[in-house]
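The structure appears right after this line, and notes come after that.
The values are calculated or read from the model by the stated rules, or taken from the named source; none is laboratory data. Since the model is a prediction, treat every value here as computed from it, not as a measurement. Here the Cβ is made from the backbone with ideal geometry for all residues, glycine too, and neighbour counts use every protein chain on show.
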Amino acid sequence: MFGSHNFLSEKLKALNAFIHGSPMTEEERIELLRDLKKIEYKTKELDHRLKLIIKEEDSQESEISKLSNLLESKIISILKRTLPTDINYRKNSDSYLKQEEISPPKILELAICCFLPKRDRGIVLGDLEEDYKYFIIPKFGKNAAKFWYFVQVLISITPLLMGLIERICNVLRKIIPFAGK
């Protein structure tokens, strides 16, 4: 009864007729007022449901934010334990490292060049190098920065490697007949 568009249309027409002074019996007016109360109640109920949904979404976003902060703190603690001797040099890292020592590990840059599409290489390499040089080394030291760079490369190429392995397996399934078929 309530979900139909026609029901609401009819009630709005009746309300319009009532407002413009069209003749209505007392029963029709009572029925109209009763229906308007039902509509008001349903509207409040829907509004309440919407508020609950919004509150739940906010709660989920808050939970995701907490998990993200926890993960970040765990990674930072791992980075800090990687090389305790570098911690003394964090504030002045650029002064004790030469420019060539600041660049990311070449082998890991090569891994990105081998696996990432050409259109993405420059962006990914640039972003990683910038974070490596200006955030990670000054804050955590050279060895921890190398570990961080390795993790970032691993995260970047893992989906591509999985896709490559899947394509190879599909080709092998077509080429090599399996026993028992």
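Annotations
- Selection within region 107-122 - at pLDDT below 90 and either of a type outside the set (A, V, I, L, M, F, W, C) or exposed (fewer than 11 other Cβ atoms within 10 Å of the Cβ) (or both): CYS114, PRO117, LYS118, ARG119, ASP120, ARG121, GLY122
Residues checked against (1) surrounded by fewer than 18 Cβ atoms within 10 Å (Cβ to Cβ); (2) of a type in the set (Gly, Ala, Ser); (3) in a helix (DSSP H, G or I):
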residue: GLU130; (1), (2), (3): yes, no, yes
residue: ILE137; (1), (2), (3): no, no, yes
residue: ALA145; (1), (2), (3): no, yes, yes
residue: TYR149; (1), (2), (3): no, no, yes
residue: GLN152; (1), (2), (3): no, no, yes
residue: LEU160; (1), (2), (3): yes, no, yes
residue: GLY163; (1), (2), (3): yes, yes, yes
residue: CYS169; (1), (2), (3): yes, no, yes
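- Among all residues of region 165-172, there is none that is in the same structural domain as LYS106 (by TED's automatic domain parsing) and closer than 24 Å to ILE123 by Cα.
- None of SER68, SER103, SER59 is at pLDDT below 80 and either closer than 18 Å to GLN152 by Cα or assigned by TED's automatic domain parsing to the domain that holds TYR132 (or both) except SER68.
- If the condition is being aromatic (Phe, Trp, Tyr) and more than 25 Å from the chain's Cα centre (by Cα), then region 135-157 contributes only PHE140.
- ILE123 vs. criteria under 25 Å from the mean Cα position of the chain (by Cα) and within 28 Å of LYS74 (Cα to Cα): yes
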